[in-house]
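Participant: Let me give you the structure first, and then I'll get to my questions.
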Amino acid sequence: MARIKITLPEIFRFNTTIPVRITDLNYGGHVGNDKVLALLHEIRVQFLESFNYKELEIEGTSLIMSDVAIEFKSELFYGDVVEASVSANDFTRVGFDLYYKLVNQKKEKIVAIAKTGMVCYDYRNKKVVTVPGVLRSKLTS
């Protein structure tokens, strides 16, 4: 059976921490895989806000997620704190990848690594657009 394999970049340009909430737990008593995806969304929003961007207001365009891959490494429980790192890489004409490393701050153990494919998108005209040069420069500086 094929497995997803994500190769993380060497440098991460953004870090944040997020506490695990009771509502993040599933019937197994640990953070559910769907909640890890929700954590990625929160982390991405914080990453963009660090540049004064919003997903719908970025240098005259917006972002839409085209794909996501997550490698689950270990469990998270209520009371744990996720230390998240983000880096933007692999730019193309219309998009780029965001890489995430999620670490359990208490145990200093990787809980997940992930990648989201982000595409610049014009919601009004319903079409993919070119990555603004200013955006690329800011996310990679």
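Participant: Any chance the stretch 37-46 includes a residue that's touching a residue at least 60 places away in the same chain (Cβ under 8 Å) and in contact with a helix residue (DSSP H, G or I) (Cβ under 8 Å, 6 or more places away or on another chain)?
Facilitator: Yes; the residues of the stretch 37-46 include at least one that is touching a residue at least 60 places away in the same chain (Cβ under 8 Å) and in contact with a helix residue (DSSP H, G or I) (Cβ under 8 Å, 6 or more places away or on another chain).
Participant: Oh, and also: Can you confirm whether ALA88 is touching an Asp or Glu at 6+ places or on another chain (Cβ under 9 Å), farther than 16 Å from THR140 by Cβ, modelled with pLDDT of 95 or more and crowded, with 19+ Cβ neighbours inside 10 Å?
Facilitator: Against the criterion (touching an Asp or Glu at 6+ places or on another chain (Cβ under 9 Å), farther than 16 Å from THR140 by Cβ, modelled with pLDDT of 95 or more and crowded, with 19+ Cβ neighbours inside 10 Å), ALA88 does not qualify.
Participant: Consider the stretch 50-75. How many of its residues are under 13 Å from the mean Cα position of the chain (by Cα), free of Cβ contacts under 8 Å to residues at least 24 places away in the same chain and more than 17 Å from LYS126 (Cβ to Cβ)?
Facilitator: So the answer is 0.
Participant: Another question, if that's okay. Out of all the residues in the stretch 22-58, which are touching a strand residue (DSSP E or B) at 6+ places or on another chain (Cβ under 9 Å) and among the charged types (D, E, K, R)? Before the answer, list the steps.
Facilitator: Keep residues of the stretch 22-58 that are touching a strand residue (DSSP E or B) at 6+ places or on another chain (Cβ under 9 Å), which gives 24-25, 31-33, 35-37, 39-48, 50-51, 53-56, 58.
Those that are touching a strand residue (DSSP E or B) at 6+ places or on another chain (Cβ under 9 Å) and among the charged types (D, E, K, R): ASP24, LYS35, GLU42, ARG44, LYS54, GLU55.
Participant: Let me ask something else about it. Need the failing condition index for GLY95 against (1) within 24 Å of ARG136 (Cα to Cα); (2) without any contact (Cβ under 8 Å) to a residue 24 or more places away in the chain; (3) surrounded by 15 or more Cβ atoms within 10 Å (Cβ to Cβ), just the number.
Facilitator: If we test GLY95 against (1) within 24 Å of ARG136 (Cα to Cα); (2) without any contact (Cβ under 8 Å) to a residue 24 or more places away in the chain; (3) surrounded by 15 or more Cβ atoms within 10 Å (Cβ to Cβ), just (2) comes out false.
Participant: Restricting to the stretch 8-59, name every residue that is assigned to a helix (DSSP H, G or I), more than 25 Å from VAL94 (Cβ to Cβ) and either touching a Gly at 6+ places or on another chain (Cβ under 6 Å) or not acidic (Asp, Glu) (or both).
Facilitator: Correct list: ILE22, THR23, ASN33, LYS35, VAL36, ALA38, LEU39.
Participant: Within the stretch 1-47, which residues are small (Gly, Ala, Ser) and surrounded by 11 or more Cβ atoms within 10 Å (Cβ to Cβ)? Write out each step before concluding.
Facilitator: Within the stretch 1-47, the first condition is being small (Gly, Ala, Ser), and the residues that meet it are 2, 28-29, 32, 38.
Result: GLY32, ALA38.
Participant: To continue, here is another question. With VAL119, VAL131 as the choices, which residue is touching a Phe, Trp or Tyr at 6+ places or on another chain (Cβ under 7 Å), β-branched (Val, Ile, Thr), over 17 Å from VAL20 (Cβ atoms) and not in a helix (DSSP H, G or I)? Break it down stepwise before answering.
Facilitator: Values: VAL119 fails: touching a Phe, Trp or Tyr at 6+ places or on another chain (Cβ under 7 Å).
Among VAL119, VAL131, only VAL131 is touching a Phe, Trp or Tyr at 6+ places or on another chain (Cβ under 7 Å), β-branched (Val, Ile, Thr), over 17 Å from VAL20 (Cβ atoms) and not in a helix (DSSP H, G or I).
Participant: Further question: What are the pairs with Cβ atoms under 7 angstrom where one residue, in the stretch 102-122, is at pLDDT 95 or above and the other, located anywhere, is outside any loop (DSSP other than H, G, I, E, B) and basic (Lys, Arg)? Sequence gap at least six, or different chains.
Facilitator: Sorted first by the residue in the stretch 102-122, then by its partner, the pairs are VAL103/LYS109; ILE110/LYS101; ILE113/LYS101; THR116/ARG44.
The values are calculated or read from the model by the stated rules, or taken from the named source; none is laboratory data. None of the values given here were measured: they were computed from a predicted structure. Using ideal geometry, Cβ is built from the backbone for each residue, glycine included, and neighbour counts are taken over all protein chains shown.
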